[in-house]
Amino acid sequence: MTLNAFAEARRFEAVVAVLDRHGRDPSKLIPILQAVQDEYRYLPEEIMTYVATALDVSPAKVYGVATFYGHFSLEPKGKHVLKICDGTACHVKGSGALVDALRSELRLEGKAKTTPDLLFTLETVSCLGACGLAPVLVVGDDVHGLVTKDEALRIVRDIKRAEASDGGN
């Protein structure tokens, strides 16, 4: 078994454990999908189909829940999710320039949100509820207010250096 195949088998075992932990109860679909997304950083189609089968619900129901809630993603997300607020206050204070600078730094082209190495995902959000700190950048659970382009780039470059020094672990 290759290292990749072994890793995928362990991830699949984690999905089975999640289902078991929730008693394979269809009424617990949302926490099940949250735990699966924590494992994969998104909801793979084949795993959603497996969850549907295991819960004895239609794949359409699982897909419907996964697409209704903005928290869920059907595309792989990077290890580090960067969220830039583009609400009115942040937009007026220059969030667009932050987006442009980070897209350039991360070499994201077209509509791409995630770097090919799955290290970063860059998202814009309508509001983070921190208008007094505009513009706002959230990296994981860390909120950075009054962010300048230079500071945003420093944050990303610091993460890149840390990832390079510890081999991405």
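Descriptive notes on the structure:
- The stretch 119-145 and the stretch 56-115: distance between their alpha carbon centers, rounded to Å: 11 Å
- The fewest-to-most ranking of Thr124, Thr49 by surrounding Cβ atoms within 10 Å reads Thr49, Thr124.
- Lys/Arg +1, Asp/Glu -1 at C-beta; the chain dipole; positive extreme among Cys90, Thr53, His71: Cys90
- Only Lys, Arg (+1) and Asp, Glu (-1) charged, at Cβ; the stretch 3-68 dipole about Cα centre in debye: 120 debye
- The lysines within cross-link reach of Lys149, meaning a Cα-to-Cα straight distance under 25 Å and a gap of 8 or more places when in the same chain, are Lys77, Lys79, Lys83, Lys93, Lys111, Lys113, Lys160.
- With Cα atoms, 0 to 90° folded angle of helix 59-68 axis to the chain main axis: 20 degrees
- Proxy reagent accessibility, fewest Cβ within 10 Å first, across Phe12, Phe68, Phe120: Phe68, Phe12, Phe120
- On full extension, the segment bounded by His22 and Glu109 gains 27.3 nm, given 0.36 nm per residue less the C-alpha separation.
- Only helical runs count toward this figure. For the chain, summing -39,500 (n - 2.57) over DSSP H runs of n ≥ 4 and dividing by all residues gives -16000 deg cm²/dmol at 222 nm.
- Remark: Arg161, Arg103 ranked as Arg161, Arg103, counting other beta-carbon atoms within 10 Å and listing the fewest first.
- Estimated from the Cβ-Cβ distance and a Förster radius of 22 angstrom, the FRET efficiency linking Asp150 and Leu118 is about 0.25.
- Of all DSSP beta bridges in the stretch 40-169, antiparallel share, percent nearest 5: 55 percent
Every read-out reported here was derived from the displayed coordinates using simple, explicitly stated rules and does not represent laboratory data. The shown structure was predicted, so the numbers you read here are calculated from the model rather than taken from an experiment. Cβ: placed from backbone, ideal geometry, glycine included. Neighbour counts: every protein chain shown.
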